[in-house]
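Below you'll find the structure, written out as structure tokens, and then a few comments.
Please treat every number below as a calculation from the coordinates, not as lab data. Quick caveat: nothing in here was measured; it's all calculated off a predicted structure. So basically every Cβ, Gly included, is an ideal-geometry build from the backbone, and we count neighbours across all protein chains shown.
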Amino acid sequence: MSSFYGVLGSTGCRFFDPRLSGSITKRSHEILKTTSVWIEKLGYQVIYGDTDSIFVSIGDDKSKSQARELGAELRTYINDKWQSRLKRDFNIKSQLDIEFETHFTKFLMPTIRGIHTVKDQKSIGTKKRYAGVSDGELVFKGLETVRSDWTDLSKDFQQELYRLIFNDQPIEVYIKKIVDELKQGFYDDKLIYKKKIRRKLSDYVNTPPHIKAALLANQKLKEQGDKPTYKHRSLIRYVITLDGVQPLEFNTSKLDYDFYVEKQLKPIADDILPFIGKNFESIAGDQMGLF
């Protein structure tokens, strides 16, 4: 159904019909909403659900083996319920099969930027952005760590920050250290953005940073008597400097460290710190004002 959704919702498909793609989405929501009600009637808390998955909190009193047993029990219970429901209401055999995928011993689903309460988190949803610990391993979904348009430093910072917090270790010294060393230039090689050019350069009306960098790079290549190489599907590497966006290969300006602190470190920290009663400004304030 997910595959059909992508095709039927595309204007390039000969069978395009927004009613069909919309119906698939609505049916998915209906299935998960009904499933969530069944789970909550059993006494467990559903903390999030989207079009293809449900996250259930089972409390802190279960061992790992008990949690896995419960996951398997819920799977069987839900599948049997749908089998009965579809047979009764439509006289059809259910082809639905919900699976028990992962047990997280620790879990955090950050709110949308700027919203920090658990109540808001549940009501608004988070577009499937979460981090958790499963079998001793950190798992990230939808966060900066797994996204290609964030710098390597931001990914390292996020993974270590979450590791420290999930293991109940202090984070103040680490945050101050990273901000201080960033401003001293220790991480310049990790402050590089990498982004693919998705369209022709001439198609961009509002020029995003990576396109500005590509245009600058092409201009520099022309001035050197070389052929411009950045175009549709090219990968551009660029940095943010005190003189603005610069292509990495031609940059001679000093990096804008305040920008990287504000746009790369702070948003990541502000995703998780409110949950432990802390904030980035109060921890890194002195370092942010230095240099």
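Using the 10 angstrom Cβ neighbour count as an exposure proxy, how do T151, T34, T76 rank, fewest first?
Fewest-to-most ranking of T151, T34, T76: T76, T34, T151.
For region 13-18, 3J(HN,Hα) computed residue by residue from phi via the Karplus equation (6.51, -1.76, 1.60; θ = phi - 60°) reads 8, 5, 9, 3, 7, x Hz, glycine and proline entered as x.
Equivalent ellipsoid of region 192-250: semi-axes from √(5λ) of the C-alpha gyration tensor, largest first, are 15, 15, 10 Å.
Which chymotrypsin sites (Phe, Trp or Tyr not before Pro) in region 1-53 pass both tests, a DSSP loop state and at most 16 other beta-carbon atoms within 10 Å? Don't jump to the answer; show the numbers that get you there.
Details: sites: F4, Y5, F15, F16, W38, Y44, Y48; in loops: F15, F16, Y44.
Here the chymotrypsin sites (Phe, Trp or Tyr not before Pro) that fit, given the DSSP loop and packing criteria, are F15, F16, Y44.
The angle separating the long axis of helix 152-166 from the principal Cα axis of greatest extent in the chain is about 40 degrees. Stretching T207 away from S23 to a fully extended chain increases their span by 62.6 nm, per 0.36 nm per residue minus the current alpha-carbon distance.
Entry note: region 159-291 has Rg to Rh equal to 1.08, where both radii use alpha-carbon atoms and Rh is the Kirkwood radius.
Provide the packing ranking of 229-235, 200-206, i.e. peptides ordered by the mean count of other C-beta atoms within 10 Å per residue, highest first. List each step's numbers first, then the result.
On the way: 229-235: 13.1, 200-206: 10.0.
Result, highest mean Cβ count within 10 Å first: 229-235, 200-206.
Provide, as a two-decimal number, the C-alpha radius of gyration of the chain over 2.2 N^0.38 Å, N being how many residues it has. Don't skip to the answer; put the middle values down first.
Details: Rg = 24.0 Å, N = 291, 2.2 N^0.38 = 19.0 Å.
After normalising by residue count via 2.2 N^0.38 Å, the value is 1.26.
Distances between placed amide hydrogens fall under 5 Å for V56 paired with I47, all partners being 5 or more residues away or on another chain. Distance between the modelled labels on D135 and E73, one decimal in nanometres: 2.3 nm (7 Å Cα→Cβ projection).
Springs between Cα atoms under 10 Å define the GNM used for the chain, and in it the highest mean-square fluctuation of V46, V173, V133 occurs at V173.
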